[in-house]
Amino acid sequence: MKKCILVACALLVCVLCLQSCEYNGIMYNYLSDSENYKSYSVLLTSISYVEDIKQPAREDIDAAEFASAETVYLYVVFASREQLAPFLGVSPENIQNPVDTYTVRLKICANNHKQLLQNGFYDAVRAGDEITVTASDWIYMDGEFFYVIGVEQNGTTYLDQTVGLQNVIDMMK
């Protein structure tokens with residue numbers, strides 16, 4: 001009887017490990033393909049190094065702490081229901097409120113954050129500015145993978161899409 005329980009537990013662990021590998025493979029395949037990213041003109045509402053928009057924004061934290069953040073989040077508002085819908089996981093006609101009432105959190109991985117720091121992005125932009133981001137609008141299972149691979153404003157490229165995509169790929173490895 002004990003042997004059967006041990007075998008069942010071992011099988012369960014193997015199944016969970018295989019599901020984890022499949023999930024990571026699906027994530028890797030999707031997010032490493034540049035075709036799965038689109039460019040959007042968005043209104044920047046906040047920049048933060050924590051996931052909760054109620055936490056201190058960029059202007060309210062220590063510069064060294066912000067510079068060493070592993071992940072930074074851009075909180076943005078989209079211009080249309082068609083652009084916003086994939087980020088909410090719904091069709092445009094299912095969005096009941098005006099689009100400016102929805103704030104979407106986009107992720108900046110550590111190396112893309114470093115690129116934005118080096119290129120002066122955080123010094124050049126403020127809440128209320130319009131920027132262009134190239135991001136994934138992917139919602140898979142229980143997670144949102146809205147990684148940013150490109151950032152521009154007024155003709156200035158702060159994060160090149162090729163470099164940004166490679167940084168996301170390296171992060172996933």
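The values are calculated or read from the model by the stated rules, or taken from the named source; none is laboratory data. Every value quoted in this text rests on a predicted model; they were computed, and no experiment measured them. Note: ideal-geometry Cβ built from the backbone for every residue, glycine included; neighbour counts use all protein chains shown.
Observations on the model:
- The condition (being surrounded by fewer than 17 Cβ atoms within 10 Å (Cβ to Cβ), more than 16 Å from S39 (Cβ to Cβ), of a type outside the set (S, T, N, Q) and in contact with a helix residue (DSSP H, G or I) (Cβ under 6 Å, 6 or more places away or on another chain)) is satisfied by just one residue among E70, E93: E70.
- Residue match in segment 35-49 (condition: in a helix (DSSP H, G or I), among the polar types (S, T, N, Q) and at pLDDT 95 or above): yes
- Qualifying residue in segment 80-90 (condition: touching a residue at least 12 places away in the same chain (Cβ under 8 Å) and closer than 19 Å to I47 by Cβ): yes
- Within the span defined as segment 22-34, every residue fails to be modelled with pLDDT of 70 or more, closer than 16 Å to F121 by Cβ, in a helix (DSSP H, G or I) and in contact with a helix residue (DSSP H, G or I) (Cβ under 9 Å, 6 or more places away or on another chain).
- Enumeration of residues in segment 96-125 that are crowded, with 16+ Cβ neighbours inside 10 Å, under 27 Å from I169 (Cα atoms) and of a type in the set (A, V, I, L, M, F, W, C): V104, L106, I108, C109, L116, L117, F121, V125
- For K54, the criteria (1) under 22 Å from F146 (Cβ atoms); (2) at pLDDT below 95; (3) surrounded by 10 or more Cβ atoms within 10 Å (Cβ to Cβ) hold in every case but one, which is (3).
- Single residue of G155, G164, G128 found to be surrounded by 14 or more Cβ atoms within 10 Å (Cβ to Cβ) and out of contact with any Pro (no Cβ under 6 Å at 6 or more places or on another chain): G164
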